[in-house]
Amino acid sequence: ARVRSNPNDVAALMDMATLLQLTGQREQGLEAQRHALAQHQVYERAGGEGGLKLLAFVTAGDFMANTPLDFLLEGSDISLIELFVAEGAPLPPVPDHDVAIVAIGESAASRSLLEGLRPMINRWPKPVLNQNVRAIAAMTRDEVAALFAGSARIVAPRTLRAPVAALERIAAGETDPAPFGDGAMPWPWLVRPVGSHAGVQLEKVDGPDALGQYLKSFTATEAYVAPFVDYASPDGLYRKYRVALIDGKAYLSHLAISERWMVHYLNAGMDQSEAKRAEEAEAMASFDAGFAARHADALAELCAGFGLDYFAIDCGETPDGKLLLFEADVAMIIHSMDEPDLYPYKGPQMTKLFNAFQSMLARAAAK
């Protein structure tokens, strides 16, 4: 109604863009966002009286384009000022703020944008979190795997970025499947389009024939290829942890437990299994003394390797007890929207995580 009565109400238009995306209408939501950004680049969600003012450098896109600050600031009096930046576009007047954060996630589209921000960020007059924009830009699957390739504590399976034409030749038996002449990669392989997330077009292929079948419906021009690491627990189930690293400390966001190797929280059957929820509740209660203690050195190595104030990882554990790294980014969705009657243990855990993030902002602002 607000948009219809006043087409120039860009705040209402941006809110509508968010609501459309939340209700599964992604393209319509992004179109509304484009219309809003054509008119205005700065959007503010007011916090409480006297609360911190956080300026976030963000970019246009869906919920996976930027750090999920609306969720991370839940329950706080912090005002969020989102400054949408675009490559080559001048900055609008910047509102007064106490602390800033680079909230733009890794993507092919954001790489040059992040690099272009670096000189400005380095001389910003207020404290800036996640200032290491080069580390964010390098959070691609292949670069992260290369960064931790020599680790004794972290298993980051070697990941290659391959043109589809090269994979087609392997599938047709025209070239040796040892990837691109530079060392063996045992089958099965995990193959996915470059830039895909949430398991979209991710497949495990057991050999050239299966690769050929997979490529028949492949629409991208490049793929990531990695060896499959079987991380099943002794009970045959697969466990995927989403962990936020906040100022060097780890916080569990969720534990998804599934019968399938491709684990996502929404398809792991957590709603239907009281036993799985009980295990997740115990993992959250014992996280500091359990998972975080077992992998303390690996988590410290991740923090040192990235040099970021905030990021998140999806990971598992190998049968020999190492941290199996699936993915790292600053824009992973971390939220407290699960049904509280079904997941009563999640509210306190997410409040703990959110409080840690908000305290980090306060410490930075105090400097």
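For the range 269-282, putting each phi into the Karplus relation 6.51 cos²θ - 1.76 cosθ + 1.60 with θ = phi - 60° gives couplings of x, 5, 4, 8, 10, 5, 5, 5, 5, 5, 5, 5, 4, 5 Hz, in residue order, rounded to whole numbers and with x for Gly and Pro.
Among 244, 17, 289, which one moves the most in a GNM of the chain with springs linking Cα atoms closer than 10 Å? In this elastic network of the chain, the residue with the biggest mean-square fluctuation among 244, 17, 289 is 289. Taking 0.36 nm per residue of separation and subtracting the Cα-Cα distance, full extension of the segment from residue 339 to residue 300 would add 10.8 nm.
Quotient of the Cα radius of gyration of the range 210-317 and 2.2 N^0.38 Å, N being its number of residues: 1.26.
Work out the charge dipole of the range 281-354 with +1 on the Cβ of Lys and Arg and -1 on the Cβ of Asp and Glu about the Cα centre, then indicate which of 289, 315, 342 is farthest towards its positive end. Of the candidates, 289 comes out farthest on the positive side.
Placing pseudo-labels 7 Å out from each Cα toward the beta carbon at residue 63 and residue 18 gives an inter-label distance of 1.2 nm.
Taking the protein heavy atoms of the range 33-182 in the context of the full set of protein chains, the accessible area attributed to carbon and sulfur is 52 percent at 1.4 Å. Across the range 54-104, the mean sequence separation of Cα contacts (distance under 8 Å, 6 or more residues apart), normalised by length, yields a relative contact order of 63 percent. Full extension of the segment from residue 260 to residue 274, taken as 0.36 nm per residue of separation minus the current Cα-Cα distance, would add 3.2 nm. Residue by residue, the range 231-241 carries 3J(HN,Hα) couplings of 10, 4, 6, x, 7, x, 8, 10, 10, 10, 9 Hz when phi is fed to the Karplus relation 6.51 cos²θ - 1.76 cosθ + 1.60 (θ = phi - 60°); x denotes Gly or Pro. Of the trypsin sites (Lys or Arg not before Pro) found in the range 209-305, those that fall in a DSSP loop while having at most 10 other beta-carbon atoms within 10 Å are 216.
So which chymotrypsin sites (Phe, Trp or Tyr not before Pro) in the range 275-328 end up in coil per DSSP with only 14 or fewer other C-beta atoms within 10 Å?
Counting only loop positions with at most 14 other Cβ atoms within 10 Å, none of the chymotrypsin sites (Phe, Trp or Tyr not before Pro) in the range 275-328 qualifies.
For the chain, the solvent-accessible area with a 1.4 angstrom probe is 47 square angstrom per residue. The amide H of residue 254, built 1.01 Å from its N in the peptide plane, has 242 as neighbours under 5 Å, considering only residues 5 or more places off or on other chains. The Cα atoms of the range 19-61 cover 37, 22, 15 Å along the three principal axes, with the biggest extent listed first. Note on the chain: with a GNM built from Cα contacts shorter than 10 Å, the maximum mean-square fluctuation among 106, 280, 49 falls on 49. Here the gap between residue 5 and residue 221, fully extended at 0.36 nm per residue and compared with their Cα-Cα distance, gives a gain of 73.3 nm. Result for the chain in a Gaussian network model with C-alpha springs under 10 Å: among 318, 219, 351, the largest mean-square fluctuation is at 219. Going through (1) 22.1; (2) 21.3; (3) 22.9, the figure that equals Kirkwood radius over Cα pairs in Å as computed for the structure here is (1). Amide H to amide H, with H built 1.01 Å from N, residue 155 comes under 5 Å of 323, 324, 325, counting only residues 5 or more places away or on other chains. Once both labels are positioned 7 Å from their Cα atoms along Cα-to-Cβ, the gap between residue 143 and residue 232 label points is 3.6 nm.
Per residue, the average separation of C-alpha pairs within less than 8 Å and at least 6 apart gives the chain a relative contact order of 16 percent. Our coupling estimate for the range 330-337, obtained by passing each phi through the Karplus curve with A = 6.51, B = -1.76, C = 1.60 and θ = phi - 60°, is 8, 10, 5, 6, 10, 8, 10, 10 Hz, Gly and Pro reported as x.
The values are calculated or read from the model by the stated rules, or taken from the named source; none is laboratory data. Predicted, not measured: the structure shown is a model, and the values here were computed from it. With ideal geometry, Cβ positions are generated from the backbone for all residues, glycine too; neighbour counts draw on all protein chains shown. The area values use the complete protein model at the heavy-atom level, side chains included, leaving out ligands, DNA and RNA. Shrake-Rupley method; radii C 1.70, N 1.55, O 1.52, S 1.80 Å.
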